[in-house]
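Visitor: Take a look at this one; I'll ask things after.
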Amino acid sequence: MKTYLGDAMGMTKGFAVSFAAFALSAAGFACGAAAGPQLDGVKSRGSLNCGVGLGTAGYMLADSQGKWKGLSVDVCRAVAAAILGDAEKVKYVPLTSQQRFTAVQSGEVDVLVGNATWTLTRDTALGLDFTGVYYYDGQSFLVPKSLGVKSAKELNGATICVAPGTTTELNLADYFRANKMTFKPVVIEKVDEIRAAFFAGRCDVYTTDASSLAATRAANVPPPRTFDDFVILPEIISKEPLGPVVRHGDNQFADIVRWALYAMVEAEEYGIDSKNVDEMLKSDNPTIKRILGTTPGMGKALGVDEKWVYNIVKQVGNYGESFERNVGKDSPLKIDRGLNRLWTQGGLQYAPPIR
Ligand SMILES: N[C@@H](CCC(=O)N[C@@H](CS)C(=O)NCC(=O)O)C(=O)O
């Protein structure tokens, strides 16, 4: 059996190699994977289909003109800038936590930036790939100050609002079991309905990623109550690395999504931002020249224009710019960079070299 297979391999190898070479050159690549359906689709449509949440301030929210903005949205914009040269060429598809992975599996969206946590089962059994982490998050609890609770350990017996199909639901059960406490879940699929239920007092506590709780507290408290009438409890009960999600198996498209985010992080590390990027084109620093494509090669390797990083930084900004504008000090959320600082500043944001 073994010999037979070996012989068959030997006989067909030459054909297989030349066929593969033909297929690759026909697709326009000297080496690397042929373009998969997702990349071809984006190019032929002239726009990226990007899955987002229903609306979370600072991360993914449509304004009164229907223009989507936020840190997560900026990842979509960066991918569109890399592939199409235009960050505006994105069609946003709002999805609930229950719908989001099916939409990626079916190809309805090319990429999902719905604040999805990278976990083993999602990365494997669900047929998905996570291409990085645009926000290191963790789960926490939002409560009305009037409840007088200072710690999650005081939540025994509480009624807790939570979204289905989330890591949140699973962590919540684990945390209460581990701390020998009980709770009554109120499970609601749409994020605006969860918030409404919480503010109407249908649950004592709202639990989700701390990012989303900060957004809810900063942007969704119905008057006359304000931001100060609510507190986020100090416990962070889980790791929630939020990353862009693509369908498993379309490697070149996954590479582009992966490196579009890394480009934003790398640009910040090298001091390239939306305001100085034209000046930086004149830099004689070899790393900056490679990043911005004045020394060509990186674009070709990825299968995009050599100006891919220039287009991302010019139109979207580097990671730090996007962070501060959307969720950091220049936003109503005022979230500290924390874990999302660059590795050079003691944080976890670290891009492999663009070379
Ligand atoms: N990161 C967690 C939870 C993420 C999630 O989907 N949370 C929902 C429900 S609270 C949310 O924040 N959606 C935001 C939106 O729809 O704008 C996960 O991946 O399961």
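Visitor: Can you give me the number of residues within region 130-156 that are open to solvent by 30 Å² or more (accessible area, probe 1.4 Å) and either in contact (Cβ under 8 Å) with a residue 24 or more places away in the chain or not in a helix (DSSP H, G or I) (or both)?
Guide: Qualifying residue count, region 130-156: 8.
Visitor: Look through region 38-55, keep the residues that are in contact with an Asp or Glu (Cβ under 9 Å, 6 or more places away or on another chain) and closer than 14 Å to residue 95 by Cβ, and return whichever of them is most open to solvent (accessible area, probe 1.4 Å).
Guide: Checked region 38-55; the qualifying residue most open to solvent (accessible area, probe 1.4 Å) is 54.
Visitor: I've got another one for you. So how many residues does region 166-210 have that are open to solvent by less than 30 Å² (accessible area, probe 1.4 Å), under 19 Å from residue 99 (Cα atoms) and touching a residue at least 40 places away in the same chain (Cβ under 8 Å)?
Guide: Selection size over region 166-210: 6.
Visitor: Out of contact with any Pro (no Cβ under 6 Å at 6 or more places or on another chain), under 16 Å from residue 247 (Cα atoms) and within 12 Å of the ligand (Cβ to nearest atom): is that true of residue 112 in this structure?
Guide: yes
Visitor: Now for a different question. Exactly one of these conditions fails for residue 228: (1) in contact (Cβ under 8 Å) with a residue 60 or more places away in the chain; (2) within 27 Å of the chain's Cα centre (by Cα); (3) outside any loop (DSSP other than H, G, I, E, B). Give me its number.
Guide: Only one criterion is unmet by residue 228, namely (2).
Visitor: Are any of the residues in region 65-72 at positive phi and buried (at least 18 other Cβ atoms within 10 Å of the Cβ)?
Guide: yes
Visitor: So for region 83-95 (the condition being open to solvent by 30 Å² or more (accessible area, probe 1.4 Å), assigned to a strand (DSSP E or B) and either among the basic types (Lys, Arg) or more than 27 Å from residue 319 (Cβ to Cβ) (or both)), does at least one residue qualify?
Guide: Yes, some residue in region 83-95 is open to solvent by 30 Å² or more (accessible area, probe 1.4 Å), assigned to a strand (DSSP E or B) and either among the basic types (Lys, Arg) or more than 27 Å from residue 319 (Cβ to Cβ) (or both).
Visitor: Please state which of the following conditions residue 226 fails to meet, knowing it meets all the rest: (1) open to solvent by 30 Å² or more (accessible area, probe 1.4 Å); (2) within 11 Å of the ligand (Cβ to nearest atom).
Guide: If we test residue 226 against (1) open to solvent by 30 Å² or more (accessible area, probe 1.4 Å); (2) within 11 Å of the ligand (Cβ to nearest atom), just (2) comes out false.
Visitor: A further question on this structure: Can you give me the number of residues within region 160-183 that are aliphatic (A, V, I, L, M) and either within 14 Å of residue 210 (Cα to Cα) or assigned to a loop (DSSP other than H, G, I, E, B) (or both)?
Guide: Residues in region 160-183 being aliphatic (A, V, I, L, M) and either within 14 Å of residue 210 (Cα to Cα) or assigned to a loop (DSSP other than H, G, I, E, B) (or both): 4 in total.
Visitor: Looking only at region 104-128, which residues are open to solvent by 40 Å² or more (accessible area, probe 1.4 Å) and either under 16 Å from residue 47 (Cα atoms) or assigned to a strand (DSSP E or B) (or both)?
Guide: Within region 104-128, just 108 meets the criteria.
The values are calculated or read from the model by the stated rules, or taken from the named source; none is laboratory data. Everything numeric in this text was worked out from a predicted model, so none of it was measured. For neighbour counting, all protein chains shown are included, and Cβ atoms are generated from backbone atoms with ideal geometry for every residue, glycine included. The area values use the complete protein model at the heavy-atom level, side chains included, leaving out ligands, DNA and RNA. Shrake-Rupley method; radii C 1.70, N 1.55, O 1.52, S 1.80 Å.
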